[in-house]
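Take a look at the structure below.
Read the figures in this text as sums done on the coordinates, not as results from a lab. Here the structure is a predicted model, which means the values were calculated and not measured. When we count neighbours, we look across all protein chains shown, and the Cβ atoms used for this are built from the backbone with ideal geometry, even at glycine.
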There are 2 protein chains.
Amino acid sequence: MKKLHTLCGSPPVQIRLWDGASAGPSSGEGIIEIRDRSALLRLLRQPEVAFGDLYSSGRLVVHGDLTQVLFHLMTAMGRGAGDAPGLLRWLWRNRPALGSNQAAARGNIHHHYDLGNDFYALWLDRAAMQYTCAYFESPDNTLEQAQLAKLEHVCRKLRLEPGQTVIEAGCGWGGLARYMARHYGVRVRAYNISREQLAFAREKAREEGLQDRVEYIEDDYRNISGHCDRFVSVGMLEHVGPRNYAALAEVMRRSLHPRGLGLIHSIGRNRPAPVNGWIQKRIFPGAYVPGIVELMRLFETGSFSVLDVENLRLHYARTLDHWLARFRAHRTEVVRRYDEPFARAWELYLAASSATFRSSGLQLFQVVFAPPGNNTLPNDRRDLYRQAATPKDA
Amino acid sequence: MKKLHTLCGSPPVQIRLWDGASAGPSSGEGIIEIRDRSALLRLLRQPEVAFGDLYSSGRLVVHGDLTQVLFHLMTAMGRGAGDAPGLLRWLWRNRPALGSNQAAARGNIHHHYDLGNDFYALWLDRAAMQYTCAYFESPDNTLEQAQLAKLEHVCRKLRLEPGQTVIEAGCGWGGLARYMARHYGVRVRAYNISREQLAFAREKAREEGLQDRVEYIEDDYRNISGHCDRFVSVGMLEHVGPRNYAALAEVMRRSLHPRGLGLIHSIGRNRPAPVNGWIQKRIFPGAYVPGIVELMRLFETGSFSVLDVENLRLHYARTLDHWLARFRAHRTEVVRRYDEPFARAWELYLAASSATFRSSGLQLFQVVFAPPGNNTLPNDRRDLYRQAATPKDA
């Protein structure tokens with residue numbers, strides 16, 4: 001027990017067994033309770049996947065603030081990782097995901113995004129159904145304000161002008177596409193391979209009278225055709241995989257006008273690492289989060305000029321905190337619709353993601369780029385900040 | 001002649017020989033005149049180095065606006081490069097510089113920066129002797145205003161607070177260090193290996209009563225010692241070479257406080273490429289300009305979080321145009337002090353650099369970074385733009 005706690009980098013968290021044995025401070029940030037012997041063995045053999053599965057089934061429970069406990073555990077493990085014996089490190093290592101073909105991509109996306117629009121509507125913002133990092137100009141912003149501010153911030157970075165054409169790769173429930181069309185007078189062709197999301201997006205566009213300015217297309221990003229003044233992708237790159245970055249770069253290169261601009265918004269890392277094994281297996285099959293060098297290789301491959309990179313890491317931690325709070329407010333409904341292990345799995349996923357952004361295991365990069373010959377560039381970034389991006393009435 | 005013009009991508013520039021033979025439009029952007037047969041042969045054999053050397057000696061002359069002619073030539077050659085026969089492409093390729101040891105670094109830096117402070121004072125700004133990209137909030141800004149605005153912009157990005165300690169790697173004539181100490185109340189330890197520049201920097205600091213807050217240290221960046229709240233380097237990375245990026249990353253890692261911030265300002269590229277052979281040989285021995293991926297590897301190696309990247313490419317073109325105009329205004333003096341070929345070489349270097357930034361062959365990146373555990377980050381970038389960075393009275 002003592003050894004396990006030390007291997008975890010001695011976090012300010014108690015680890016406690018079914019028989020009452022424990023290690024770590026009793027007055028720390030919380031308690032991780034392992035409820036049976038075989039759970040402990042599974043945890044030692046394959047900690048990442050086992051932690052998530054045991055938590056979901058209730059054989060491992062956390063007393064205290066889940067996000068805080070995970071944050072302290074991660075911070076400590078970052079310090080202690082080098083000290084584990086070689087065999088354990090080999091057992092505990094993850095295997096990377098390298099990208100999927102179009103059929104597998106469809107399967108992976110269905111797994112996550114076709115859980116049902118109603119499920120996501122329970123805990124995402126009610127303004128634009130954004131399942132990506134929000135932008136909090138103030139910590140007091142509501143989730144709705146911060147998600148609309150994110151859309152506004154993206155539009156400003158793209159320097160949209162009325163009449164321009166935009167291609168969006170991976171459009172979720174279509175909120176950004178509708179926002180761009182409504183507030184900036186552009187025409188958008190938005191791609192997605194999740195049928196459930198597209199049905200929702202099209203219905204919304206009709207309701208809002210935007211159907212002639214926003215076209216939602218059910219197809220893979222590799223099949224994007226035509227040209228555009230602006231290319232944008234928010235939260236899709238995580239599903240592309242580094243093996244396919246060259247293909248995506250080629251799509252960006254052939255679509256974007258020589259005097260165009262593009263923006264990629266993606267989770268990233270300071271250094272490459274595989275996605276957590278449990279997240280990979282249970283939540284996001286096929287997901288891969290690039291390191292900053294891998295991310296920049298996307299632009300280098302397309303010979304683009306990188307104009308602007310902004311890291312919104314702590315904004316994503318805050319976004320996840322909002323999601324988790326709303327998820328918990330609708331917990332009874334989630335359990336009724338799915339079951340208790342499903343609810344626990346999603347709580348863990350949201351809490352662990354927040355803790356990972358807070359402990360710097362994940363970053364959020366917004367990258368603005370342009371074809372190399374484009375000399376009609378914005379002179380500086382003052383225009384992004386002339387007025388608040390946050391709407392007052394959302 | 002026709003073939004040569006086509007190999008150059010058919011620029012809107014005439015190429016003319018000593019005997020009157022020519023190719024390309026007579027009413028184009030200008031004329032490149034090759035004045036003897038052996039000059040033509042040298043140009044064909046090793047175009048990059050020969051162009052510079054022949055221009056310097058006056059055996060190749062350019063009629064029309066030098067910067068414009070070079071811009072059109074570069075843009076066209078970017079298109080035409082792939083069409084050259086294999087033997088020519090092999091002859092014309094450059095060999096990369098990979099980094100220098102400390103003794104060679106000293107030699108390289110002396111070559112360029114110890115030409116004499118008086119020489120640089122002729123054509124750099126009179127406000128802060130900045131030999132790096134300025135920041136033009138408006139095209140009407142004077143060079144003095146734009147260089148002070150650059151210093152201010154860098155200070156804002158570093159979020160300097162009174163009493164903090166700053167390490168500066170490669171401080172030129174010390175302008176940034178003095179600006180930080182005077183306007184932000186920080187203590188600066190600034191490193192440089194150019195003795196001439198350091199003598200100037202120390203003299204200025206004494207004049208301005210800043211000698212107790214700014215320490216100028218004659219030493220290599222690899223020997224930087226001690227800790228700091230802020231690490232900054234403006235225009236030094238170009239002299240480091242990619243082989244030494246890991247050493248620089250280690251210096252940054254061991255110097256910077258866990259809750260610190262750093263900024264690297266450097267020329268870069270969209271994709272890796274060697275420095276132009278003539279620039280490498282005659283102007284900047286040992287220089288290497290990183291591609292965006294190579295640049296990001298510096299931060300990845302140090303496990304830093306990249307917080308903000310800004311590309312100021314066209315600001316550097318404008319800066320170079322100012323330098324060239326001032327250089328020409330003092331041409332008689334330069335020729336008297338050195339000689340005609342020296343003056344022609346520097347004119348070509350300044351004009352070609354401007355043309356390269358304008359044709360996107362070079363970029364200018366400002367990168368803000370932080371150690372991964374730092375959660376005391378600026379929430380957003382609005383603070384950088386609350387008021388103009390440009391002083392009114394400079």
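Here are the numbers for this structure:
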| quantity | calculated |
| --- | --- |
| Förster-model FRET efficiency, 25 Å R0, residue B:243 and residue B:273, C-beta, rounded to 0.05 | 0.90 |
| Rounded if a/c under 1.5, otherwise prolate or oblate - segment B:185-234, Cα gyration tensor axes | oblate |
| Dipole magnitude (debye, nearest 20) for the protein assembly as shown, charges at Cβ of Lys, Arg, Asp, Glu | 1340 |
| For residue B:340, label point 7 Å along C-beta direction: distances to other copies, nm | 9.5 |
| Label geometry 7 Å along the beta-carbon vector: residue A:10 inter-copy distances in nm | 7.4 |
| ³J(HN,Hα), Karplus 6.51/-1.76/1.60, whole Hz, each residue of segment A:38-45, x for Gly, Pro | 5, 4, 4, 5, 4, 5, 6, 6 |
| Burial ordering of B:204, B:2, fewest other beta-carbon atoms within 10 Å first | B:2, B:204 |
| Choice from A:104, A:343, A:247 with maximal GNM fluctuation in chain A (Cα, 10 Å cutoff) | A:104 |
| Part-to-part distance (alpha-carbon centres) for segment B:336-394 and segment B:1-58, which is given in Å | 32 |
| Shortest-first nm distances, residue A:257 label point to equivalent points in other copies (7 Å, Cα→Cβ) | 4.8 |
| Built amide H within the under 5 Å cut-off of residue B:307, gap 5+ | B:368, B:369, B:370 |
| Fewest-first sequence of A:8, B:171 by Cβ atoms within 10 Å of each Cβ | A:8, B:171 |
| Charge tally in the Cβ shell below 13 Å around residue B:207, where Lys, Arg are +1 and Asp, Glu are -1, residue B:207 excluded | +3 |
| Among beta bridges that DSSP assigns inside chain B, antiparallel share in %, nearest 5 | 45 |
| Percentage relative contact order, segment B:102-385, counting C-alpha pairs under 8 Å, at least six apart | 20 |
| Value at 222 nm in deg cm²/dmol, rounded to 500, when DSSP H runs of n ≥ 4 in chain A each add -39,500 (n - 2.57) | -13000 deg cm²/dmol |
| Local electrostatic count at residue B:310 - Lys and Arg +1, Asp and Glu -1, tallied over other residues with Cβ under 9 Å | -1 |
| Choice from B:285, B:242, B:378 showing the highest fluctuation, given a GNM over chain B with Cα pairs closer than 10 Å | B:378 |
| Neighbour net charge for residue B:139 - beta-carbon separation under 12 angstrom, K R +1, D E -1 | -3 |
| Stretchable slack from residue A:336 to residue A:126, in nm (0.36 nm times residue separation minus alpha-carbon distance) | 73.4 nm |
| Antiparallel %, DSSP beta bridges [both residues in segment A:2-92], to 5 | 65 |
| Candidates B:201, B:287, B:127, ranked by Gaussian network fluctuation over chain B, Cα under 10 Å, top entry | B:127 |
| Ascending count of other beta-carbon atoms within 10 Å, so fewest first, for A:63, B:265 | A:63, B:265 |
| Degrees separating the helix A:245-255 axis from the principal Cα axis of chain A, which is the longest one | 20 |
| Cut-off under 5 Å, modelled amide H: who pairs with residue A:269 long-range | A:291, A:292, A:363 |
| Relative contact order of segment B:2-92, defined on C-alpha pairs under 8 angstrom at six or more residues apart (%) | 35 |
| Antiparallel DSSP beta bridges within the protein assembly as shown, as percent of all bridges there, nearest 5 | 45 |
| Principal-axis tilt of helix B:175-184 within chain B, Cα atoms, nearest 10 degrees | 30 |
| Between 0 and 90°, nearest 10: helix B:143-158 axis offset from chain B longest Cα axis | 50 |
| Given A:150/A:204; A:392/B:150; A:204/A:281; B:157/B:204; A:157/A:281, the pairs whose alpha carbons are separated by over 29 Å | A:392/B:150; A:204/A:281; A:157/A:281 |
